[in-house]
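One structure is given below, represented as structure tokens, and several questions about it will come after.
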Amino acid sequence: MAIKIEMLRCFRTVAATGSLADAAAILGRTPSAVSMMLRQFEEQIGAPLFETARKSHLTPLGQLIRHEADRELAHFERTVAAIEGLARAERGLVRLIATPSVVQVIMPPILRAFMADHPEVRIDLRDADSATIEEDLRHERADIALASLGPVAGFQRRKFLSDRFGVVCLADDTLLRKAFSWDDLAKERFIANGLCAHIEDDGFQPILTGATLTVHNTGSLLDLVRAGVGVTILPRLAVLPQNSDLAFLPIDTTPASRDVYLFTPQPNLQTPATKAMVRAIMDAEFQGF
């Protein structure tokens, strides 16, 4: 017969109380059942653990085994607590990756509420461009993604929000003082970026083809606009409210927008913590930007 965790728990309780009756009351068993389990434990060890039948004093071996039993039971109880916490989404790890504008604008209120409800869940949040996000999903380096991507094998894909494109220029640019058209933009120094590929309007294609400068980092792109190098086109979320020196001009002549999708594993492959984060994201109300 192998030593069982219940044997250790029974021995520890008897040693702590010094009484079979008191230990039985704590363990919710009869004194005879506690006595039998203790006897089985001593038979397995091959030596007595108590000096007398009254169980009030441990043998030297019993004292050593009590120390080991306390340590093993503490580890077992921590393990049980961790398992239960994982199952209830109280613990765990969620790896989340999203485009920079989503991380900056969409995620803060979601994370604030989620972390208040799940204070022990660890979150690994990264921002990246869509190509990097797709690569991380394919190599299972992320559990949840928010990006403008087509379907990715192994992940569910659902539309999260639509983010309209607009021209980004200096707040005092002459573009602000006249009706906007593609012809107006054609007269400006245009800085292209990776998101321009989402705009399929025929009137925009010559502008994109004629751009001599392409910048992929949004922060650098805005800095160049701010420095007067040129103007660009971005989704509304990419231009944060604190960029008061920049203006965002909606393009009324085109419905072009960036659709952001939520990517999640199949439900049966989601951990409880991941499921909780998915619910938090889906419950957020960020539609119609």
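From the list ALA113, ALA153, pick out the single residue that is open to solvent by 50 Å² or more (accessible area, probe 1.4 Å), not in a helix (DSSP H, G or I) and not polar (S, T, N, Q). Reasoning before the result, please.
Details: ALA113 fails: not in a helix (DSSP H, G or I).
From the options ALA113, ALA153, the qualifying one is ALA153.
I've got another one for you. Limited to segment 21-42, what total is found for residues that are over 12 Å from MET7 (Cα atoms) and open to solvent by less than 50 Å² (accessible area, probe 1.4 Å)?
Initially, segment 21-42 is screened for residues over 12 Å from MET7 (Cα atoms), giving 21-26, 28-32.
Checking which are open to solvent by less than 50 Å² (accessible area, probe 1.4 Å) leaves us with 23-24.
Of the residues in that region, 2 qualify.
Of the residues ALA47, ALA74, ALA33, ALA69, which is of a type in the set (A, V, I, L, M) and part of a loop (DSSP other than H, G, I, E, B)?
Details: ALA74 fails: part of a loop (DSSP other than H, G, I, E, B); ALA33 fails: part of a loop (DSSP other than H, G, I, E, B); ALA69 fails: part of a loop (DSSP other than H, G, I, E, B).
Of ALA47, ALA74, ALA33, ALA69, the one residue that is of a type in the set (A, V, I, L, M) and part of a loop (DSSP other than H, G, I, E, B) is ALA47.
Within segment 1-14, which residues are open to solvent by 20 Å² or more (accessible area, probe 1.4 Å), in a helix (DSSP H, G or I) and over 12 Å from PHE76 (Cα atoms)?
If we filter segment 1-14 for residues that are open to solvent by 20 Å² or more (accessible area, probe 1.4 Å), which is where we start, we get 1-6, 8-9, 12.
Add one more test, that the residue is in a helix (DSSP H, G or I), and what stays is 5-6, 8-9, 12.
Result: ARG12, single match.
Results for (1) within 45 Å of the chain's Cα centre (by Cα); (2) more than 30 Å from ALA147 (Cα to Cα); (3) small (Gly, Ala, Ser), shown as yes or no for each residue.
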position	(1), (2), (3)
ALA2	yes, yes, yes
THR13	yes, yes, no
ALA25	yes, yes, yes
GLY28	yes, yes, yes
SER35	no, yes, yes
LEU61	no, yes, no
ASP70	yes, yes, no
VAL94	yes, no, no
THR99	yes, no, no
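Now, a different point. When you go through (1) among the acidic types (Asp, Glu); (2) touching a residue at least 60 places away in the same chain (Cβ under 8 Å); (3) open to solvent by 50 Å² or more (accessible area, probe 1.4 Å) one by one for ASP163, which number turns out not to apply?
For ASP163, the exception is condition (3).
Which ones in segment 174-188 are open to solvent by 70 Å² or more (accessible area, probe 1.4 Å), part of a loop (DSSP other than H, G, I, E, B) and at pLDDT below 80?
LYS178, ALA179
Per-residue answers, yes or no, for (1) β-branched (Val, Ile, Thr); (2) in contact with a Pro (Cβ under 8 Å, 6 or more places away or on another chain):
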{"site": "ALA153", "(1), (2)": "no, no"}
{"site": "ASP163", "(1), (2)": "no, yes"}
{"site": "VAL167", "(1), (2)": "yes, no"}
{"site": "TRP182", "(1), (2)": "no, no"}
{"site": "ILE199", "(1), (2)": "yes, no"}
{"site": "ASP202", "(1), (2)": "no, no"}
{"site": "LEU208", "(1), (2)": "no, no"}
{"site": "LEU221", "(1), (2)": "no, no"}
{"site": "ALA227", "(1), (2)": "no, no"}
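Counting only residues that are closer than 17 Å to LYS159 by Cα and surrounded by fewer than 21 Cβ atoms within 10 Å (Cβ to Cβ), how many does segment 90-104 have?
Selection size over segment 90-104: 1.
Does ASP143 fit the bill of being open to solvent by less than 70 Å² (accessible area, probe 1.4 Å) and within 25 Å of VAL103 (Cβ to Cβ)? It would help to see each step written out before you state the result.
Working: open to solvent by less than 70 Å² (accessible area, probe 1.4 Å): yes; within 25 Å of VAL103 (Cβ to Cβ): yes.
Spelling it out, ASP143 is indeed open to solvent by less than 70 Å² (accessible area, probe 1.4 Å) and within 25 Å of VAL103 (Cβ to Cβ).
To continue, here is another question. Can you tell me which of (1) touching a Leu at 6+ places or on another chain (Cβ under 7 Å); (2) part of a strand (DSSP E or B) is the one ILE207 doesn't meet?
Among (1) touching a Leu at 6+ places or on another chain (Cβ under 7 Å); (2) part of a strand (DSSP E or B), the lone unmet condition for ILE207 is (2).
Filtering segment 189-202 down to residues that are open to solvent by 70 Å² or more (accessible area, probe 1.4 Å) and in a loop (DSSP other than H, G, I, E, B), which residue is farthest from THR254 (Cα to Cα)?
ARG189
The values are calculated or read from the model by the stated rules, or taken from the named source; none is laboratory data. Quick caveat: nothing in here was measured; it's all calculated off a predicted structure. Neighbour counts are summed over all protein chains in view; Cβ atoms, including those assigned to glycine, are modelled from backbone coordinates with ideal geometry. SASA here: full protein model, heavy atoms, side chains in, ligands and nucleic acids out. Shrake-Rupley method; radii C 1.70, N 1.55, O 1.52, S 1.80 Å.
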